[in-house]
Amino acid sequence: MSLSHLSLRKQKELRSTAVIIRAMAPVEMIILFGGHAPGKQVEKIYQRDGVVYKYKSGFDVLVVTEDKLTANNTLLWDRVADRLNRPGRTPITLLQYSIDDLNLKIGQRYPFFVDIKKHGIALYDSNRFKLAKGEELMPEQRYNAAKENLKICFKDSREFYFGFKVYVARRNYKIAAFLLHQAAEKLYHAILLVFTGYQPKLHELDKLWKFTIGYSPLLLSIFPRNTIEEKHLFNKLKNAYVDARYKQTYRISKGQLEELSRRIFSLRLLTGKICQEKIASFRCGPEVPLVDCSNVSANPKPSVKIPKIVDNHGSFTRR
């Protein structure tokens, strides 16, 4: 497949991306996937309560290395990402896998990786290795796996949220923020596992947000970043994974935690809704929308019991 469906500017930028990556790291393949692959939607627009939310996809790039040591070299790939994501360039999200790990996941029929093999575009190929043969899972297999993954992720998210409430009561807002980050992370993992069967080795909420946003435009309204205040609030949660534990300068107020808690509550409800619909669709066939399934009622009974995570719509109990 070629890049002919993209503008000349983006084609040039992607070729430049491949050159930069090859100059900075020993790689065997560079594959474009996601929102800029053929047939994928690059821009999403969603309107709610008179507010218009817009999102334009950046470049999603899978880098394949010969060995695991290179693929797992965090410092190396942080430098590559910093070089690629300079002002004026289209934002790029990198994933790195060794050829053995990638072929293992394709062979195990992970939908995410099978889709990359099917629809991805090679920006570079050393021709030293071949991708494994992989077929899509049967709908019943995806149904059972997605059902179990949703159950596990919701349980973990609930536990993190309970811990968050404990530390808020103790007025340890830094640890509370970290646990709230973990609760959100698990919800994003749930979406990815249900829709793709894949949980990336990521803790950055902004990257998880980018990977999930394509599965429902409603996700745009959970953490909008149209204003300075909205960006600041989201960054407080995003940075809590590291800063709340290791930096004495990290600060977050009870009011900010309350607002973030309300947003996590909304994320939990939306995650349950879209994941239930996706799981139900597996019983009708992999490509058939839920509303077109003759054996699914207009108001289907949930196949997974979603545990209650918060009370009072995500706010703190007042004493």
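The values are calculated or read from the model by the stated rules, or taken from the named source; none is laboratory data. Quantities reported herein were computed from a predicted structural model and do not represent experimental measurements. Ideal geometry is used to build each Cβ from the backbone, glycine not excepted, and the neighbour counts take in all protein chains shown.
The table for this structure:
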item	result
Where A240 falls short, out of the listed (1) surrounded by 17 or more Cβ atoms within 10 Å (Cβ to Cβ); (2) within 15 Å of the chain's Cα centre (by Cα)	(2)
Odd one out for A132, checked against (1) assigned to a helix (DSSP H, G or I); (2) surrounded by 15 or more Cβ atoms within 10 Å (Cβ to Cβ)	(1)
Residues satisfying the stated conditions in the range 203-239, i.e. of a type outside the set (F, W, Y), outside any helix (DSSP H, G or I) and within 30 Å of E277 (Cβ to Cβ)	H203, E204, S216, I222, P224, R225, N226
Among (1) farther than 17 Å from R262 by Cα; (2) part of a helix (DSSP H, G or I); (3) more than 9 Å from the chain's Cα centre (by Cα), the one test that F164 misses	(1)
Residue check, N149 crowded, with 17+ Cβ neighbours inside 10 Å and more than 17 Å from K236 (Cα to Cα)	yes
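For every residue, the table says whether it meets (1) modelled with pLDDT under 95; (2) surrounded by 20 or more Cβ atoms within 10 Å (Cβ to Cβ).
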position: R245; (1), (2): yes, no
position: Q248; (1), (2): yes, no
position: S253; (1), (2): no, no
position: Q256; (1), (2): no, no
position: E259; (1), (2): no, no
position: R262; (1), (2): no, no
position: S281; (1), (2): yes, yes
position: C284; (1), (2): yes, no
position: L290; (1), (2): yes, no
